[in-house]
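Student: This is the structure I have questions about; it appears just below.
Where a number appears in this text, it was derived from the coordinates with a stated rule and is not lab data. Bear in mind that the values here come from a model prediction, so they are computed numbers and not experimental data. Reconstructed Cβ throughout: ideal geometry from the backbone, glycine too, with neighbour counts over all protein chains shown.
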Amino acid sequence: MLTDKNEKEMKKYMFHRIALLFALLVISMPQMHAAEGSEEKSFDAKKVIFEHVLDNYGWEVPFSHSNRIPLPIIVRDKDGNWSMFGSHRIMRGETYNGYYIATDGDYKGKVVTQDEMGNVYRPVDLSITKNVMALFITALLLCLCFIPMARWYRKHPNGAPRKWFGFMELVLDMLYNDLIKPVLGVDARRYSPYLLTVFFFIFFINILGLMVIFPAGANLSGNISITLVLALCTFLVVNLTGTKHYWNALFWPEVPMWMKCPVPLMPVIEIFGALTKPVALMIRLFANMLGGHLIVLVLISLIFIFGSMGAAVLTGTTIISVFFSLFMMLLDVLISFIQAYVFTILSTIFISLARARGEESHEQPVNEK
């Protein structure tokens with residue numbers, strides 16, 4: 001367990017980090033506004049907000065929004081020719097080897113090129129975008145956190161970890177003994193590696209998404225493609241390891257015959273329910289995390305929207321926006337944990353339903369540690 005001193009240090013550390021990151025966000029927004037040009041223009045809140053929440057080919061640099069850290073662009077045209085170059089070559093509207101970033105149309109914000117007839121098309125794009133790089137960084141952080149921890153436990157099988165390892169053991173013990181084991185019973189050991197990986201992966205991408213500087217700042221959990229893959233992983237685990245009782249209840253549930261034949265009413269409902277479970281996982285995580293990002297960005301944007309109404313209005317708006325934005329940032333830290341926990345507990349419940357063994361499912365696990 002954490003001591004009072006360690007708990008206070010952890011809270012102090014989190015508060016300082018959140019305050020610093022929020023200050024960077026506030027400071028970077030005026031720079032972002034100023035980078036739109038020296039001539040006066042109306043503040044385009046929609047453009048600014050979606051530039052931050054959507055994927056792109058570069059990583060924003062704090063205090064200089066017009067400059068971005070370049071990322072590799074890997075594309076293949078219709079003739080089968082591969083090209084690889086840095087995103088800085090086409091970031092400001094330039095064209096390189098016939099490739100450029102579309103500013104409008106169906107391919108807006110994507111790398112496109114033209115064929116011999118002048119028709120614009122999108123090549124095969126295997127570029128390392130901001131979200132892809134964030135996935136690599138998150139995977140690296142998970143390895144750096146848990147591989148040393150596993151090595152420590154091998155060397156000290158009966159030892160009591162301290163500091164960071166002690167805190168991680170507290171979280172792992174809570175998830176396994178209070179969530180996974182009571183729900184899955186004898187199957188807890190089998191599925192805990194997947195469930196714990198899902199929890200920490202979602203928690204890490206949520207926390208990194210709240211930060212505004214490299215290597216953080218990517219809105220992974222606010223990208224529906226990411227949440228779709230996570231939901232599909234749970235869907236595959238549930239259905240590939242389902243018991244005979246689960247499949248029997250799915251296609252031939254224990255209901256009156258007239259509800260199954262000649263019109264398969266209940267089987268259709270059961271199958272539809274099985275298909276909607278991953279959709280619920282996907283939408284829940286995506287909507288909650290994207291909503292938190294949008295609220296903070298909208299509150300900060302209010303400063304620039306009301307900036308032309310005078311110093312008094314600007315001052316009042318700034319104070320209110322900064323206060324509520326800071327409150328939302330602190331709330332998002334809690335939501336990051338809650339959403340990872342909710343995704344994990346729902347995945348655990350879906351797996352337990354698929355592992356039902358009829359009358360045997362009511363038996364209690366024995367001698368499991």
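Student: Which distance in nm do the two modelled labels at I224 and L240 give, with both placed 7 Å along the Cα-to-Cβ direction?
Tutor: Distance between label points: 2.6 nm.
Student: Provide the per-residue ³J(HN,Hα) series for the range 207-221, in order, calculated from phi with Karplus coefficients 6.51, -1.76, 1.60 and θ = phi - 60°, each as a whole number of Hz, with x at glycine and proline positions.
Tutor: 5, 5, x, 7, 8, 10, 10, 4, x, 9, x, 7, 8, 5, 6
Student: Continuing with the same structure: Can you tell me the length gained on complete extension of the stretch F251 to L294, counting 0.36 nm per residue apart and subtracting the Cα distance?
Tutor: Numbers: separation 43, 0.36 × 43 = 15.48 nm, distance 4.21 nm.
Between F251 and L294, full extension yields an extra 11.3 nm.
Student: May I ask you to derive the FRET efficiency for N177 and L275 from their Cβ-Cβ distance with R0 = 41 Å, giving the value to the nearest 0.05? Present the calculation step by step, with values, prior to reporting the outcome.
Tutor: Values: r = 32 Å, r/R0 = 0.78.
For R0 = 41 Å, the calculated efficiency reads 0.80.
Student: With a cut-off of at most 13 other beta carbons within 10 Å, and DSSP calling the residue loop, which chymotrypsin sites (Phe, Trp or Tyr not before Pro) in the range 177-220 qualify? Please list them.
Tutor: Working: sites: Y191, Y194, F199, F200, F201, F203, F204; in loops: none.
Sparse-neighbourhood loop chymotrypsin sites (Phe, Trp or Tyr not before Pro): none present.
Student: Can you give me the Cα centroid spacing of the range 312-355 and the range 86-112 in angstrom?
Tutor: Cα centroid to Cα centroid, the span is 34 Å.
Student: May I pose another question? List the residues, sorted by chain then number, that are 5 or more residues from G109 or on another chain and whose placed amide H is less than 5 Å from its amide H.
Tutor: Residues meeting the amide H criterion: A102, T103, D104.
Student: Under 8 Å for C-alpha pairs, at least 6 residues apart: give me the relative contact order for the range 45-147, rounded to a whole percent. It would help to have the intermediate numbers written out before the result.
Tutor: Numbers: 137 pairs, mean separation 26.0, N = 103.
RCO, the range 45-147: 25 percent.
Student: Using modelled amide H (1.01 Å from N, peptide plane; none on Pro or chain starts), what sits under 5 Å from the amide H of I74, excluding residues fewer than 5 places away?
Tutor: L126, S127, I128
Student: What FRET efficiency, computed as 1/(1 + (r/R0)^6) with R0 = 45 Å and r the Cβ-Cβ distance, is obtained for I338 and V120, rounded to the nearest 0.05? Please report the intermediate quantities before stating the final value.
Tutor: Values: r = 44 Å, r/R0 = 0.97.
Computed FRET efficiency for I338 and V120 comes out at 0.55.
Student: Return the subset of K78/K130; K108/K277; K78/K108; K47/K277; K108/K130 for which the Cα-Cα distance in this structure is over 27 Å, preserving the input order.
Tutor: Working: K78/K130 25 Å; K108/K277 32 Å; K78/K108 20 Å; K47/K277 34 Å; K108/K130 16 Å.
Going by Cα-Cα distance, K108/K277; K47/K277 fall outside the 27 Å limit.
Student: In debye, nearest 20: dipole of the range 92-184 around its Cα centre with unit charges on the Cβ of K, R (+) and D, E (-)?
Tutor: Details: 11 positive and 9 negative charges, 152 e Å.
Charge dipole of the range 92-184: 720 debye, to the nearest 20.
Student: Calculate, in nm to one decimal, what D104 and E169 gain on full extension: separation in residues at 0.36 nm each, minus their alpha carbon distance.
Tutor: On the way: separation 65, 0.36 × 65 = 23.40 nm, distance 4.99 nm.
That works out to 18.4 nm of additional length.
Student: Same structure, new question: To the nearest Å, what is the center-to-center distance of the range 218-247 and the range 174-194, using C-alpha atoms only?
Tutor: For the range 218-247 versus the range 174-194, the Cα centre distance is 17 Å.
Student: Calculate one ³J(HN,Hα) per residue across the range 198-203 by plugging θ = phi - 60° into the Karplus curve 6.51 cos²θ - 1.76 cosθ + 1.60, and present them in order as whole Hz with x for glycine and proline.
Tutor: 4, 4, 5, 5, 5, 5
Student: Multiply the residue gap between K78 and I320 by 0.36 nm, knock off their C-alpha separation, and tell me the result in nm, one decimal place. Don't skip to the answer; put the middle values down first.
Tutor: On the way: separation 242, 0.36 × 242 = 87.12 nm, distance 5.29 nm.
Stretched fully, the K78-I320 segment lengthens by 81.8 nm.
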